[in-house]
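Throughout, read-outs are computed from the coordinates displayed, never taken from laboratory work. What you are looking at is a predicted structure, and each value in this text was computed from that prediction instead of being measured. A quick note on method: Cβ atoms are made from the backbone with ideal geometry, for glycine too, and the neighbour counts reach across all protein chains shown.
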Amino acid sequence: GLMYRTELGKGHGMIFNFGDDRTASMWMANTLIPLDMVFIEADGTVAGYHENAEPQSKRIISSETPVRYVLELGGGEVQAYRLKPGDTVTGPALEK
């Protein structure tokens with residue numbers, strides 16, 4: 001994952017594919033940089049997001065609904081991309 005990294009370039013991130021739809025729960029233990037977490041449904045629809053998750057926090061961050069993917073981006077990227085619930089995310093990492 002993105003644990004122990006001290007930087008993350010703009011436009012880079014990591015996607016988690018859970019293989020099925022479920023409530024996703026994440027935390028920031030051992031993560032040294034703030035991250036935005038984008039919760040994405042199986043069809044690519046943004047279900048929600050959490051901005052600027054606190055580095056090294058053990059606070060659980062959960063999607064409010066079942067999702068297939070979580071996309072982690074550098075803190076502030078959600079605003080830079082102007083993402084909002086209902087938007088669609090596409091790319092080769094999302095199954096068709």
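Results, tabulated for the structure shown:
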quantity: Residue check, ASP43 under 21 Å from GLY86 (Cβ atoms) and in contact with a Pro (Cβ under 6 Å, 6 or more places away or on another chain); calculated: no
quantity: Test: TYR4 is under 14 Å from the mean Cα position of the chain (by Cα), of a type in the set (Ser, Thr, Tyr) and either buried (at least 18 other Cβ atoms within 10 Å of the Cβ) or not in a strand (DSSP E or B) (or both); calculated: no
